[in-house]
Amino acid sequence: MGLPAGAGSELFCNGVPLTPARWPNTGFARIDGVVDSGTSKDATPPEELRLRARPGTFRFADRARLERWAGAANVWLSGYWNWDWADDTMPAGAIDVRAGTITLGLPHTYGLGKSARFFVTNTPEELDAPGEYWIDPGAGRVYVWLPENAGDHPELIVSLLADPILTVANTEAVELADLTFAAGRGSALRIAGAEHVLIERCVFRNMGTAGVELEGRHNTVRECAFEDLGASGITVAGGDRTTLEPAGNQVVDCTFRRCARTHRTYQPAIRLDGVGQIVANNLIEELPHCALIFAGNEHRIERNEIARVLLETGDSGAVYCGRDWTLHGTVVRNNLFHDIAGSDARYQNAVYLDDMASGITVVGNVFLRCHWGMLVGGGRDIVVRANVFDSCSKGIAFDKRGVGWMAKAIADPEKSTLHQRLRAVPIDREPWRTRYPTLREYLTDRFGRPTGSRVESNLLLATPLGNVDDRDCVLVDKNVEVKQALSQDEIAAILDPARRRALKDFRPQQSPEGFEPIPVKTIGPGGGAPARR
Ligand SMILES: [Ca+2]
């Protein structure tokens, strides 16, 4: 799931994105029942899906609204139509007032579920509140109810440019500093085939898709702000998965706020691919879904503060990866995750290593007031060591899905994504052979079970350890559970960046054996000493 194609035009007032005319004005409406779930990727054979994909139909009891929409020319619907991790926006199809039903204008990937939630958007009949607008592309007109604080001479900008505002390609040693990129329909900055490019103190805001698309090696993005982006903040790729040659691109000391503004799922603040990217000392907050998604190998994700994400999604993680046995070598270390409780707690996890993702180390992090600290989906060679969990409803859920509900999905080496990804990297050749020797045993040694994993030396404060389902394969050792949470003052000191800088390394009284003090003062923008190249 990469970046979406360029968004439509949007309207910004005094640098703030306004809202396409919608109902309800905030939040979601619930459907009143499924009439026809339509075809879905989960339940319909691919061949039939290609030939006869069918949109769903749902009941909706609000007759006055149905009458209004049935008479409108341009009704769009945006919603979580089935799963809490899959949003989609599309035109409405038939609206039948007498039957009290709405048919979607296009088939939705996962069909309609009974708890689907949605809102009507980009519909002029629903323009009824300050800050709402509608663009009539045919007539070239913008209708807007200005925000109350717009002032007498507001600056109004309509985004038009679909291409990146700036492209830096096949070059090296370029520096961009102190620039603001804003109000395009696509991404702000595309860097491709580049080396030693430095992006410093720039602002990326109000774009239709991403802030920065970065590919190359030894490039650095430093002290930049990413705000109100339609999709991802930054995507980073580079390095060689065959030779494990690291790219060494760095994203450091940046702030990310309100990314995934219009494309709500799988558009994280930071997306990593390739080998050896470094993400350090960033602040990521206020996102509907994931903060960081990674694939590839040997990334360093460290000393970041990640808060208030997964705000309207479920079955997801602030830091997320999945469905790949070959993700070895990435380390998630000394990060602060806090206030990731979600809206109504549908499996929100601070770190989610989904569907047998393997070979990842999570060490020395602080998980504070998260729903679940970690969900590990049956992966092998996972190390969860010396973390602190405070006031979470569960520390860790470590399941054995590879011999449970997922067993069927990994049984056929031809169809299984996990098998395909295993074949895509040379595990029998150097450097893979020596660096990740256990990979060669994944298909023969206790197939499907979470072999080689460890949950050890973690400290759980006012948080139950949780469940580790296959303790013959996963070592669970030296974890300490303490009833008492940190004091309100201790928590306030950790969460306040200024007070945090003065804190000594976190060294609990009831320290588990093997626990290493956590340097909380180095967490967040400006706290570390990132390696400069
Ligand atoms: Ca409205």
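Of note:
- Scanning the range 277-313 for residues that are closer than 20 Å to R222 by Cβ, open to solvent by less than 10 Å² (accessible area, probe 1.4 Å) and part of a loop (DSSP other than H, G, I, E, B) returns Q277, N281, N282, A291, H299, N304.
- Count of the range 323-355 residues which are free of Cβ contacts under 8 Å to residues at least 60 places away in the same chain and either polar (S, T, N, Q) or on the phi < 0 side of the Ramachandran plot (or both): 17
- Yes/no for A7 being more than 16 Å from the ligand (Cβ to nearest atom), open to solvent by less than 40 Å² (accessible area, probe 1.4 Å), of a type in the set (A, V, I, L, M, F, W, C) and within 30 Å of G151 (Cα to Cα): yes
- Any hit, the range 118-129, residues being within 31 Å of the chain's Cα centre (by Cα) and more than 15 Å from the ligand (Cβ to nearest atom): no
- Residue tally, condition surrounded by fewer than 20 Cβ atoms within 10 Å (Cβ to Cβ) and out of contact with any Gly (no Cβ under 9 Å at 6 or more places or on another chain), over the range 325-362: 3
- Condition met for R68 (modelled with pLDDT of 95 or more and within 16 Å of the ligand (Cβ to nearest atom)): yes
- Selected residue (only one of L418, L375 is open to solvent by less than 30 Å² (accessible area, probe 1.4 Å), more than 19 Å from V331 (Cβ to Cβ) and outside any loop (DSSP other than H, G, I, E, B)): L418
- Of the residues making up the range 223-236, none is at pLDDT 95 or above, charged (D, E, K, R) and either open to solvent by less than 10 Å² (accessible area, probe 1.4 Å) or under 30 Å from V425 (Cα atoms) (or both).
- Qualifying residue in the range 150-160 (condition: closer than 19 Å to I199 by Cα and in contact with a Lys or Arg (Cβ under 9 Å, 6 or more places away or on another chain)): no
- Filter result for L475 (of a type in the set (A, V, I, L, M, F, W, C) and touching a residue at least 60 places away in the same chain (Cβ under 8 Å)): no
- Within the range 26-49, residues that are surrounded by 16 or more Cβ atoms within 10 Å (Cβ to Cβ) sit with their Cβ atoms under 6 Å from residues that are of a type in the set (A, V, I, L, M), at 6+ positions apart or across chains, in these pairs: I31/A116; V34/L112; S37/L112; G38/L112; T39/L49; T39/A53.
- A residue that is assigned to a helix (DSSP H, G or I) and in contact (Cβ under 8 Å) with a residue 12 or more places away in the chain can be found somewhere in the range 56-63.
- Residues being of a type outside the set (D, E), part of a loop (DSSP other than H, G, I, E, B), open to solvent by 10 Å² or more (accessible area, probe 1.4 Å) and touching a residue at least 40 places away in the same chain (Cβ under 8 Å) - total across the range 237-273: 12
- Only a single item in (1) within 16 Å of the ligand (Cβ to nearest atom); (2) in contact with a Gly (Cβ under 6 Å, 6 or more places away or on another chain); (3) of a type in the set (S, T, N, Q) is not met by T26, and it is number (2).
- Only residues that are of a type in the set (D, E), within 16 Å of the ligand (Cβ to nearest atom) and open to solvent by 50 Å² or more (accessible area, probe 1.4 Å) were counted across the range 130-172, and they come to 1.
- Of everything in the range 89-117 that is open to solvent by 20 Å² or more (accessible area, probe 1.4 Å) and closer than 25 Å to L160 by Cβ, the residue that is farthest from the ligand (Cβ to nearest atom) is P91.
- Spans of strands (runs of 3 or more DSSP E) in the range 130-178 with at least 2 residues over 12 Å from S9 (Cα atoms) and among the aliphatic types (A, V, I, L, M): 166-169, 175-177
- Any hit, the range 442-459, residues being under 12 Å from T326 (Cα atoms), open to solvent by less than 10 Å² (accessible area, probe 1.4 Å) and assigned to a helix (DSSP H, G or I): no
- Some residue of the range 71-86 being without any contact (Cβ under 8 Å) to a residue 40 or more places away in the chain, in contact with a Leu (Cβ under 9 Å, 6 or more places away or on another chain) and either surrounded by 17 or more Cβ atoms within 10 Å (Cβ to Cβ) or among the aromatic types (F, W, Y) (or both): yes
- Among the residues of the range 395-415, those identified as assigned to a loop (DSSP other than H, G, I, E, B), open to solvent by 50 Å² or more (accessible area, probe 1.4 Å) and closer than 18 Å to V468 by Cα are K400, W405.
Here's the yes/no breakdown for (1) of a type in the set (A, V, I, L, M, F, W, C); (2) assigned to a loop (DSSP other than H, G, I, E, B):
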| site | (1), (2) |
| --- | --- |
| G2 | no, yes |
| A7 | yes, yes |
| G27 | no, yes |
| D42 | no, yes |
| E48 | no, no |
| W69 | yes, no |
| N74 | no, yes |
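The values are calculated or read from the model by the stated rules, or taken from the named source; none is laboratory data. Just so it is clear, the model here is predicted, and its values are computed rather than measured. Quick reminder, even Gly has a Cβ in these numbers, built from the backbone with ideal geometry, and neighbours come from all protein chains shown. Each accessible area value is taken on the protein alone, full model and side chains, heavy atoms only, with ligands, DNA and RNA left out. Shrake-Rupley method; radii C 1.70, N 1.55, O 1.52, S 1.80 Å.
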